[in-house]
Amino acid sequence: MPVKFRHLSAAAFVAFAFAATVPAVAVEFKSALDDSPIDLDPIKGEEFTDAVKKFHETGENPYNGNAEEIAAGQKLYNANCQVCHKPDGSGGMGPALNDDMVVNPRANTDVGMFEIIHSGAAGAMRPFAKRGMTQDQMLKIIAFINTLKK
Ligand code: HEC
């Protein structure tokens, strides 16, 4: 059946070409404020790292458990987050991050935490993508926060 076979391989080729050229964003990221889709476009000068690309596709944070990236995340956390959440995540002006997160339950997953850091939540929790933070930095901070859990 040469005709049918040709047909099949053409379809396979198109599928392959499509998969190879269109970046896969498999996870849906939604705003903690109104569940509207989040604009994941890079900020000025940002180039997505492999970790960010993987996170977009799978929702899994490749930096979890990586001591070097966690140490980098801690520095970023101390510079940007501890003023409201305390160095150990026990909470102050912002809620505790070292226990089950109850204000925004979505924050109990890495995707939900990313949504909040990237695009903000209520009140003083402002969107860090609008304040010059790259998504790679957010993943490092999340990996650090995950080490704070009691
Ligand atoms: C100016 C104070 C402030 C700063 C700085 C701040 N936050 Fe927040 N954060 C808040 C407040 C207030 C909330 C609660 C938002 C709400 O009511 O929905 C919050 C909520 C959160 C939540 C969800 C927790 C929950 O239980 O709802 C996470 C996760 C979080 N912040 C992470 C961070 C990270 C990471 C940074 C640094 C990149 C940061 N925050 C910087 C004030 C702040």
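Some observations on this one:
- 27 Å tail of the calculated P(r), region 17-139, as % of Cα pairs: 15 percent
- Multiplying the residue separation of residue 102 and residue 75 by 0.36 nm and subtracting their alpha-carbon distance yields 7.2 nm.
- Estimated inter-spin distance, residue 109 and residue 131, nm [label 7 Å along Cα→Cβ]: 2.5 nm
- Spin-label pair residue 66/residue 93, simplified geometry with 7 Å Cα→Cβ offset, distance in nm: 3.2 nm
- Proximal aspartates and glutamates relative to residue 44, as straight alpha-carbon distance under 16 Å, when same-chain residues fewer than 8 apart are discounted: 136
- Taking the number of Cβ atoms within 10 Å of each Cβ as an exposure proxy, the fewest-first ranking of 30, 44, 149 is 44, 149, 30.
- Taking amide H positions as modeled 1.01 Å from N, with prolines and chain starts lacking one, the residues under 5 Å from residue 30 and 5 or more places away or on another chain are 38.
- Net charge dipole, region 24-145: roughly 440 debye, given to the nearest 20, about the Cα centre with Cβ charges of +1 for Lys and Arg and -1 for Asp and Glu.
All of the numbers you see were taken from the coordinates with simple rules; none came from a lab. Computed from a prediction, not measured in an experiment: that's the story for all the values here. Backbone-built Cβ (ideal geometry, glycine too); neighbour counts: all protein chains shown.
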